[in-house]
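Working notes, beginning with the structure itself.
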Amino acid sequence: MNIRIKKEAKEALSLGMPVVALESTIISHGMPYPQNVETALQVERIVREHGGVPATVGIIDGIGVVGMSENEIEEFGKRGQSIPKVSRRDLPVVFAKKSWGATTVATTMILAAKAGVEFFVTGGIGGVHRGAEATFDISADLEELARTNVTVICAGAKAILDLPKTLEVLETKGVPVIGYQTWDLPAFYTRTSGLSVDCRVDNPREAAEIVKAKRDFGLDGGILIANPIPEEYSMEASVIDGVIAKAVKEMEEKGIKGKDCTPFLLARIAEITGGESLASNIRLVFNNAAVGTEIAKEYCRL
Ligand code: PSU
Ligand code: MN
């Protein structure tokens, strides 16, 4: 198979120790250089501090790599958007052409599952885009959550998406949406969206028990754990809502479509806020890494 799992992760998995997958689209398309590399390496350190083994996922020369080296992470950061963003539909092409690919939530889940990694920490997932009733733009991340057995710890989804429709699709596809110490679906830069999650857990153990119950029953598909950004790093809702509306309007005016939408919006939001949104983004990923690893650790104890 076109997969390379780093030795440390293989050993941890065989010993029943926690391994945490991390994605590379957030590095190449989600943040500018050099903050992308600094963040990715720091996230790996946080996973380690909490007792887990980090495995950053990407595609190198047509090989799905689960657990990149520091140099490889650096390369994904430096090359940035020149490395194509790869979703499920792109995988066979990248494998056959032996090229590089930045893995999205969807493809990181696919490779994590192949490697036997249950937990995956990221910033935000893709979802139903605003205006999807006309464009049909619904992220492949949702379909992947429906079918692939990986638990994703994120800070909810950005309000660049239509959050009520995103929740509806997750419900249709049978994906449990669990709030970590909250009943309110977090909206990435802010702790609340005004929308309710399906279930609230208050500690890593409770979250791990739900994951275990789904796996024990053989119910295929992912689980979404939504962990709000820490209060001190969250943004003012009125500020970020205005910025998002402006970025979405510009995207429409420029005629940007499909897979270019999310990277455009992320970069534009960071520009308009003068880096404030980037700082929040980095902090929420750190927080997800800590909580996600604690959940992975509890899962290993069950
Ligand atoms: N949302 C974010 N940050 C990100 C992404 C989404 O807040 O970096 C990335 C993830 O890799 C996600 C992808 O899987 O964008 C979704 O892209 P699309 O909407 O084209 O499916
Ligand atoms: Mn899309």
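Couple of notes before you dig in:
- Inspection of the stretch 232-255 finds no residue satisfying the criterion of being part of a helix (DSSP H, G or I), in contact (Cβ under 8 Å) with a residue 24 or more places away in the chain, basic (Lys, Arg) and surrounded by 15 or more Cβ atoms within 10 Å (Cβ to Cβ).
- Residue 285 open to solvent by less than 40 Å² (accessible area, probe 1.4 Å), touching a strand residue (DSSP E or B) at 6+ places or on another chain (Cβ under 8 Å) and touching a residue at least 60 places away in the same chain (Cβ under 8 Å): yes
- Cβ separations smaller than 9 Å between residues 6+ apart or across chains give the following pairs from the stretch 27-55 residues that are on the phi > 0 side of the Ramachandran plot and among the small types (Gly, Ala, Ser) to residues that are away from ligand 2 (no atom under 16 Å from the Cβ) and not in a helix (DSSP H, G or I): 51/17; 51/18.
Every residue, every condition in (1) more than 22 Å from residue 139 (Cα to Cα); (2) among the small types (Gly, Ala, Ser); (3) in contact with a strand residue (DSSP E or B) (Cβ under 9 Å, 6 or more places away or on another chain), yes or no:
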| position | (1), (2), (3) |
| --- | --- |
| 169 | no, no, yes |
| 172 | no, no, no |
| 177 | no, no, yes |
| 186 | no, no, yes |
| 189 | no, no, no |
| 195 | no, no, yes |
| 198 | no, no, yes |
| 202 | yes, no, yes |
| 217 | yes, no, no |
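- Within the stretch 198-231, being assigned to a loop (DSSP other than H, G, I, E, B) and among the small types (Gly, Ala, Ser) holds for 218, 221, 222.
- Qualifying positions in the stretch 53-75 - assigned to a helix (DSSP H, G or I) and open to solvent by 10 Å² or more (accessible area, probe 1.4 Å): 70, 71, 72, 74, 75
- Residues being surrounded by 24 or more Cβ atoms within 10 Å (Cβ to Cβ), farther than 27 Å from residue 270 by Cα and touching a helix residue (DSSP H, G or I) at 6+ places or on another chain (Cβ under 7 Å) are represented in the stretch 40-52 by at least one member.
Let's see how each residue does on (1) within 16 Å of ligand 1 (Cβ to nearest atom); (2) under 30 Å from residue 17 (Cβ atoms); (3) of a type in the set (D, E, K, R):
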site	(1), (2), (3)
187	yes, no, no
222	yes, yes, no
226	yes, yes, no
248	yes, no, no
256	yes, no, no
291	no, yes, no
297	no, yes, yes
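- Residues in the stretch 153-161 include at least one that is within 16 Å of ligand 1 (Cβ to nearest atom), buried (at least 24 other Cβ atoms within 10 Å of the Cβ) and among the basic types (Lys, Arg).
The values are calculated or read from the model by the stated rules, or taken from the named source; none is laboratory data. As the structure is a computational prediction, the values presented were derived from the model and not from experiment. For neighbour counting, all protein chains shown are included, and Cβ atoms are generated from backbone atoms with ideal geometry for every residue, glycine included. Accessible surface areas use protein heavy atoms only, side chains included; no ligands, DNA or RNA. Shrake-Rupley method; radii C 1.70, N 1.55, O 1.52, S 1.80 Å.
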